[in-house]
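Below is one structure, written out as C-alpha cells; comments come after it.
The values are calculated or read from the model by the stated rules, or taken from the named source; none is laboratory data. Note that the structure is predicted; figures quoted are calculated from it, not measured. Positions of Cβ are generated from backbone atoms using ideal geometry, with glycine treated the same way; all protein chains shown enter the neighbour counts.
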Amino acid sequence: MKVFRWAMVFFLLSSCSTKQITGLPELNDVNSADIGGRQIQKSCEHTFVKGQYQFVHSIVFQMANGHGATVIGVTVLEGDILKTGLMGVEGFVLFEAVLSREKQLEVSRALPPFDTTEFASGLMRDVQAIFYVPTDKHPRTGKLADGTPVCRYLEDNDQITDIILNVDGSRGINVYDMGHKKSRSIIVGSRIPVDGEMIPEALELKAHGLQGYTLHMTLISAEKIDK
Amino acid sequence: MIRWASIVFSLLICVSLVQAKDIPEQPPLRVESVQADFTQEKQLPILARPLFSKGRFLFQAPDSLRWEYFSPVHTVLLMYNGGICKFVQHGDRFVEEQGMGVDSMHIVLQEITGWLDGEITDTPTFKAHVKDNNLIILTPREAALANIISSIELKLLDRTGLMESVTLYEGGDSLTRMVFSAGILNENIPARLFTEP
C-alpha cells in the first residue's frame with residue numbers, strides 16, 4: 001500500500017513537471033546552407049514586418065494575480081528607431097518613450113505605475129521581441145522533436161530566441177535567458193496584408209516568472225509611414 | 001495616476017456643461033441633462049499619424065453620467081447614484097474593469113457640481129480665463145497637475161451656448177481634441193443608460 005502511495009506521488013509529480021517545460025528544447029539541425037535551412041530562415045524572417053509602420057493595438061494587460069486593464073498601445077517603427085506609447089482608452093498618455101538607433105532609451109512621459117526603470121526597459125524589450133528580427137545574422141535552423149521548423153538566434157548577451165513555424169501557419173517566438181530558462185513566449189496570430197506586408201491581427205505575449213504578466217494585443221490599425 | 005486621470009476625465013465632463021452656462025449676453029440656463037456625440041483626435045510627438053476615437057456623452061443632473069467610446073475600443077464609463085464603474089467590450093460581452101476609486105469619484109462630482117453652479121473661475125483645480133466670449137482657457141492651479149496638463153481650451157459655438165470643442169494640451173506637442181456634435185440640452189434620458197453598459 002505504501003509503495004502504491006509513493007508511486008502515485010511520483011506519478012503526480014512527474015505529470016506536473018511535464019506540463020511546465022520551460023527550458024530550451026532540443027533542436028535537430030537542418031544545415032542553414034542547404035535549401036531546406038535557407039527556406040526555414042527566410043520564413044522566420046518573414047515573421048517580422050519590414051519598412052516603417054505605425055501600429056495601434058488594444059492591449060489587455062493581465063497580471064499573474066488576475067488584475068488587469070485595457071489600454072491603447074502605439075508602436076512606431078522607423079528603421080532602427082522604435083517609438084512606443086501607452087494611453088488610456090480615453091486618450092490620456094500613461095507612457096511614452098523612444099529607443100534610439102544607439103539603443104538609448106529616452107522616456108518622455110511615465111505616470112505611476114509605469115514610472116519605473118524596470119517597466120520602461122521591460123516594455124521596450126517586449127516590443128522589440130514582438131516587432132524586430134533578432135540581431136544574430138546566422139541563426140541555427142532545425143526542427144523540434146515533433147518536426148516543427150525552428151530558427152534559433154543567439155544574441156550577444158547569451159539570450160536565445162526561437163522562432164517557431166507552426167504547421168497551421170501561426171508563428172511562435174520564445175525567448176530564453178542565459179540560463180536557458182524561458183522568459184517570454186509570444187504567439188503571433190493570423191496575419192493580414194497591409195501595403196505588401198503581412199501584419200498579425202492578434203498577438204499574445206506571456207512574461208514568465210514570479211512577476212509574470214500577459215499582454216493580449218489586438219490590431220486596431222497598421223499604416224505604412226514611409227510611402 | 002488614477003487621481004490625475006480622473007481629474008482630466010471629470011474636466012472633460014464638466015466642460016461639456018459649459019454649453020449651458022451663462023456666457024455673456026445670454027440668460028443663465030439650468031442644466032438638467034446634456035447629450036452629445038464626439039470625435040476625439042490624439043496627437044503625440046511619437047505618432048506619425050494622429051489617432052481618432054468616436055463616442056457619445058450623456059449627463060443627467062445631479063450626478064449621472066455615461067461616457068462611451070464606440071471606437072477604437074468600445075468602452076463605457078458609468079456614474080450613477082454615487083457609484084462609478086467602467087466596462088470594456090470583449091467579443092460580444094462587456095467586462096467590468098476596476099480602476100477608479102472612491103476618491104476619484106468624489107473629485108469628479110466636486111468638479112461637476114462646481115460647474116453646474118456656474119463657478120467657472122473658482123474651481124479648486126483650474127484657473128479660468130475667458131477670451132473672446134467663445135473661448136475659455138483653463139490652467140491648472142497645482143504644479144504637479146501642470147506637469148501633466150499645461151492648459152485646456154474650451155471653444156463654444158457662437159450664440160447657441162453649445163460646446164464646439166475641448167482641447168487638452170499635455171505639454172510638448174501632445175494634445176487631445178474633442179469635437180462635439182449633435183448636442184442636446186435638457187431632454188429626458190432613460191435611467192438605464194446610466195446603469196447598464
Being at the interface with another protein chain (Cβ under 10 Å from one of its Cβ atoms) and charged (D, E, K, R) is the filter; apply it to the stretch A:64-83 and report the residue that is surrounded by the fewest Cβ atoms within 10 Å (Cβ to Cβ).
A:78
Tell me, yes or no, whether the stretch B:71-89 has at least one residue that is surrounded by fewer than 14 Cβ atoms within 10 Å (Cβ to Cβ) and touching a Cys at 6+ places or on another chain (Cβ under 7 Å).
no
Mind checking whether some residue in the stretch A:152-165 is part of a strand (DSSP E or B), surrounded by fewer than 16 Cβ atoms within 10 Å (Cβ to Cβ) and either among the β-branched types (Val, Ile, Thr) or in contact with a His (Cβ under 8 Å, 6 or more places away or on another chain) (or both)?
no
So which residues in the stretch A:93-132 are more than 13 Å from chain B (Cβ to nearest Cβ) and small (Gly, Ala, Ser)?
A:120, A:121, A:122, A:129
Is it the case, given these coordinates, that residue A:24 is farther than 30 Å from residue A:192 by Cβ, of a type outside the set (S, T, N, Q) and modelled with pLDDT of 50 or more?
yes
Give the residue, chosen from A:191, A:184, A:171, that is under 14 Å from residue A:131 (Cβ atoms), surrounded by 13 or more Cβ atoms within 10 Å (Cβ to Cβ) and free of Cβ contacts under 8 Å to residues at least 24 places away in the same chain.
A:191
Being under 25 Å from residue B:69 (Cα atoms) and β-branched (Val, Ile, Thr) is the filter here; which residues of the stretch B:137-183 pass it?
B:148, B:149, B:152, B:166, B:167, B:176, B:179
Strands (runs of 3 or more DSSP E) wholly inside the stretch B:141-197 containing at least 2 residues that are surrounded by fewer than 19 Cβ atoms within 10 Å (Cβ to Cβ), more than 14 Å from the chain's Cα centre (by Cα) and more than 12 Å from chain A (Cβ to nearest Cβ)
B:175-185
